[in-house]
Amino acid sequence: MMRNRCLCLMALLIIFVSFPALADDSTPVRVAMPSNVTESPILPFDRVIGQVVEPDCDDNHVLLYNALREAYSFEWTETHIAPEVRAALVRLYDQWLATHLPCSEILLSVSHVNADGSTGINVRADGSCMAFVLSGGMIVSMKELVF
């Protein structure tokens, strides 16, 4: 049993030591081993918000990510919530915003474009999940996602 393990370890050692010799000196190892090449990071799939993306993948993601990293205040609502829905969203989600902003851990989902041209982005922020809809660079709708 011990002898078989030693032989296997020796075989693996020989393979790993000889691999650079098998590759052409002008060929980088990442080209010789294409399965290890990634142009962009592989991000996880969250069971509530969906496929996670980088926060800088487009303008709406950047806008929402930066807004969620700011402290909640009257000025925050003036800057980030559309005037026509501001009173309703503050009434409904004041407690959530006051509790969670500024967020330190934020995951953003892939966005989807709605029929009216608005963009929906799901967010996991400090353990809570919300769906945001943005239009014209401002939040026009919010909904808590229950999991």
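The values are calculated or read from the model by the stated rules, or taken from the named source; none is laboratory data. Everything quoted here is computed from the prediction, not taken from an experiment. So basically every Cβ, Gly included, is an ideal-geometry build from the backbone, and we count neighbours across all protein chains shown. Side chains included, ligands, DNA and RNA excluded: accessible areas come from the protein's heavy atoms. Shrake-Rupley method; radii C 1.70, N 1.55, O 1.52, S 1.80 Å.
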Item to complete: For the range 89-147, name all the residues that are aliphatic (A, V, I, L, M) and assigned to a loop (DSSP other than H, G, I, E, B).
Response: LEU101, VAL110, ALA115, LEU145, VAL146
Fill in: Selection count, the range 91-146, where residues are within 14 Å of the chain's Cα centre (by Cα), within 10 Å of LEU68 (Cβ to Cβ) and in contact (Cβ under 8 Å) with a residue 60 or more places away in the chain
1
Worksheet item: For the range 54-74, what are the residues that are open to solvent by 30 Å² or more (accessible area, probe 1.4 Å), of a type in the set (A, V, I, L, M, F, W, C) and in contact with a Leu (Cβ under 9 Å, 6 or more places away or on another chain)?
Response: CYS57, LEU63, ALA71
Worksheet item: Does any residue in the range 47-72 that is in contact (Cβ under 8 Å) with a residue 24 or more places away in the chain come within less than 8 Å, Cβ to Cβ, of a residue that is basic (Lys, Arg) and not in a loop (DSSP other than H, G, I, E, B) six or more places away or on a different chain, and which pairs are these?
Response: VAL48/ARG124; ILE49/ARG124
Discussion item. Checking the structure you have, find out if any residue of the range 14-24 is assigned to a helix (DSSP H, G or I), of a type in the set (A, V, I, L, M, F, W, C), at pLDDT 70 or above and more than 13 Å from LEU108 (Cα to Cα).
Written reply: yes
